[in-house]
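Here, each number is a calculation from the coordinates, and none is a lab measurement. Note that the structure is predicted; figures quoted are calculated from it, not measured. For neighbour counting, all protein chains shown are included, and Cβ atoms are generated from backbone atoms with ideal geometry for every residue, glycine included.
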Amino acid sequence: MFVLSILGDTLSVHPRNFGAPPAQALTNQINKKYANRILHNVGMCMCLFDIVSASEGKVRYGDGMLWYKVKFRMVVFRPFTSEVILAKVKSSDESGVRISVGFFDDIHIPTAYLPSPSAFDPNERSHFWYNPADPPDDYDPATTTLSQTDLLDTSKSDRWYIEKNDIVRIRVESDEFYDDEPGPPKGEKAVEGEGKVKRPSYSVVCSMVEPGTGVVDWWSGAGGDEDVEMDDA
């Protein structure tokens, strides 16, 4: 889920911080500039890991600051494809389930990546997996096709809901970076009402179709984790 990325930058130290050790002053500047920031094709920067190298500080004419050329390693959030992680359900709608790991919320599970068969219950505002305890003799989840109407007509006792704040075990399928061009909307985006909805600069698509994935409590009686908790960020 976390990786180390080597970055380089030219950073300034204000005169009021000249009394601090240079390494500490640079650490503060790096965390101030990069922490909680999305870097395109890198990931979400969390905090400085260490400083690899730094030049001697030089004063530029006119500003009085010390400028350093710094090479450093950042702890970056970027889960890799096929990685299995624990997260918490944030919300659900017809398009799928929105997931959060506390410090990052742009994780989405499309309906195609939910357990099969599943459906969205508009009354509960939650998706559910149809998993009957006593299925009919002719029912085979691998071959039986049930429509959304059929699933919504099933007994609630046979529905395993994916509810808000549930702890889930999910598998990373892909991630995507989006670099929004500056300036006014162009073409069709210029139509009133469009162009206002911004895509996240970094998002992750996950799934819960494999055995053992999904709501942790589903598997608590099948040799899984008995108690799993996530701290609120």
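What the table below lists for this structure:
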item	result
Under 5 Å, built H, 5+ apart or other chain: amide partners of residue 168	87, 88, 89, 216
Longest site-free stretch - the chain; sites: GluC sites (Glu not before Pro), DSSP loop, at most 16 other Cβ within 10 Å	1-55
Separation of alpha-carbon centers, region 116-156 and region 11-78, rounded to whole Å	54 Å
Qualifying trypsin sites (Lys or Arg not before Pro) for region 53-131 [loop in DSSP, other Cβ within 10 Å: at most 10]	60
Simple Cβ-charge dipole of the chain, Lys/Arg +1 and Asp/Glu -1, about Cα centre, in debye nearest 20	2060 debye
Residue (of 5, 24, 99) at the positive-pole extreme of region 1-101, dipole from beta-carbon charges	24
Mean residue ellipticity (222 nm) of the chain, computed from DSSP H runs ≥ 4 via -39,500 (n - 2.57), nearest 500	-2000 deg cm²/dmol
Computed Kirkwood radius, in angstrom, where 1/r is averaged over Cα pairs of region 1-137	18.7 Å
Rotationally averaged projected area of region 84-219 (alpha carbon convex hull; nm²)	10.6 nm²
Cα Rg, Dmax (largest Cα-Cα span) when computed across region 113-158, Å	10.4, 31
Residue with peak Gaussian network fluctuation, the chain [Cα springs, cutoff 10 Å], from 13, 76, 42	13
